[in-house]
Amino acid sequence: MDMSITKELGLKYFELSEFDCNCDNCTNIAGTGAYMNPEFLIKLDKARELAKTSFFITSGYRCFEHNINVGGRVGSEHPKGNAVDIRYNDSAQRYAILKGLLDAGFTRIGLGKTFIHVDCSTEKAQSIIWTYEY
């Protein structure tokens, strides 16, 4: 992990490697968070502080190939570095994460059975919360 980038962004709760693409064939520069939107990461760090619970990132940046392989949608914000999926363990943690995201100013949130998706697209509908069937 590049500590200077982490310090430069002022991240308190995350290591940049948490946002790396999870595929084995990617040209993503491991451990750097190089493809993530810095403003998104700063806002996510604030949400984590407000939530007062851990955020386990299951998916951050995804290269286009990996996005397709995991069933990501065309136009997904993951390959743009504007999205993460956060795993939660129970309904209390789900509530804390959701509240932290909303309090930090996120307006695009998807709720799954075991995860929360959050992104900062400026091209898609704002102030929207949706659910996933899986």
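The values are calculated or read from the model by the stated rules, or taken from the named source; none is laboratory data. Predicted model only: the values in this text are computed from it and were never measured. Backbone-built Cβ (ideal geometry, glycine too); neighbour counts: all protein chains shown. Ligands, DNA and RNA are excluded from the accessible area calculation, which covers all protein heavy atoms including side chains. Shrake-Rupley method; radii C 1.70, N 1.55, O 1.52, S 1.80 Å.
Would you please list the contacts, defined by Cβ atoms under 9 Å and residues six or more apart or on different chains, that run from a residue in region 9-20 that is among the hydroxyl-bearing types (S, T, Y) to a residue that is assigned to a loop (DSSP other than H, G, I, E, B) and open to solvent by less than 50 Å² (accessible area, probe 1.4 Å)?
Filtered contacts from region 9-20: Y13/F55; S17/G31; S17/T32; S17/G33.
Go through region 106-122 and report how many residues are outside any strand (DSSP E or B), free of Cβ contacts under 8 Å to residues at least 24 places away in the same chain and among the β-branched types (V, I, T).
Taking region 106-122 as the starting set, the residues that turn out to be outside any strand (DSSP E or B) are 106-107, 112-114, 120-122.
Subsequent filtering for residues that are free of Cβ contacts under 8 Å to residues at least 24 places away in the same chain retains 107, 113, 122.
Okay, now just the ones that are also among the β-branched types (V, I, T), so 107, 122.
Residues meeting the conditions: 2.
For every residue, the table says whether it meets (1) open to solvent by 80 Å² or more (accessible area, probe 1.4 Å); (2) part of a loop (DSSP other than H, G, I, E, B); (3) more than 22 Å from C23 (Cβ to Cβ).
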{"position": "N67", "(1), (2), (3)": "no, no, no"}
{"position": "G71", "(1), (2), (3)": "no, yes, no"}
{"position": "I97", "(1), (2), (3)": "no, no, yes"}
{"position": "K124", "(1), (2), (3)": "no, yes, yes"}
{"position": "E133", "(1), (2), (3)": "yes, yes, yes"}
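For region 99-122, give me the residue count where each residue is under 25 Å from D24 (Cβ atoms), under 12 Å from the mean Cα position of the chain (by Cα) and open to solvent by less than 20 Å² (accessible area, probe 1.4 Å). Break it down into steps so the answer makes sense when it comes.
First, the residues of region 99-122 that are under 25 Å from D24 (Cβ atoms): 112, 114-115, 117, 119.
Then drop every residue that is not under 12 Å from the mean Cα position of the chain (by Cα), which leaves 115, 117, 119.
If we keep only those that are open to solvent by less than 20 Å² (accessible area, probe 1.4 Å) as well, we get 117, 119.
Qualifying residue count for the region: 2.
Does E65 satisfy the condition of being of a type in the set (D, E) and more than 23 Å from K12 (Cα to Cα)? Explain how you work it out, then say what you get.
Working: of a type in the set (D, E): yes; more than 23 Å from K12 (Cα to Cα): yes.
Criteria met by E65.
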